[in-house]
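Reading through the structure tokens given below for one structure.
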Amino acid sequence: RVEEIFEGVASEIAKSGIDLVQLPAGLVVTGGTSRLRGLVETGARVTGLPVEPGLPVPMDTSTEMTGMPEFATAVGSVRLALEAEARGGERDGFLSKLTGWITRMAGRVR
């Protein structure tokens, strides 16, 4: 299944008209799937591009979970909300509500 996914990625890159030479940094795989054994090697073999796992920049919390790849989307969303709030963004917006929910859930996991 992993090979099929990377074949699809390679196909979409080809359809876009982007030449693989234009992607010298390769692909970054995020999320919990990036922990699959052999994923990076399979992705590189199938696409012909370097592949590496992406990790979120951990947040300053009492848990190390924020640095784990499976939390990349959540951590990124929280960071966006915090940045928007720091710029004087709307406090009752979606990202702010999401931040509160994630903070409450993380508190339960500790």
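The values are calculated or read from the model by the stated rules, or taken from the named source; none is laboratory data. Remember, it's a predicted structure, so these values are computed and weren't measured experimentally. Cβ atoms come from the backbone with ideal geometry, glycine included; neighbour counts cover every protein chain shown. To get the accessible areas, we keep the full protein, side chains included, count just its heavy atoms, and leave off ligands, DNA and RNA. Shrake-Rupley method; radii C 1.70, N 1.55, O 1.52, S 1.80 Å.
Per-structure values
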read-out: Extension gain from A86 to E52, taking 0.36 nm per residue of separation minus the Cα-Cα distance; value: 9.1 nm
read-out: Two-site label geometry, R35 and V21: point separation in nm, points 7 Å out along Cα→Cβ; value: 4.0
read-out: Where the stretch 20-79 is the region considered: accessible area per residue in Å², 1.4 Å probe; value: 62
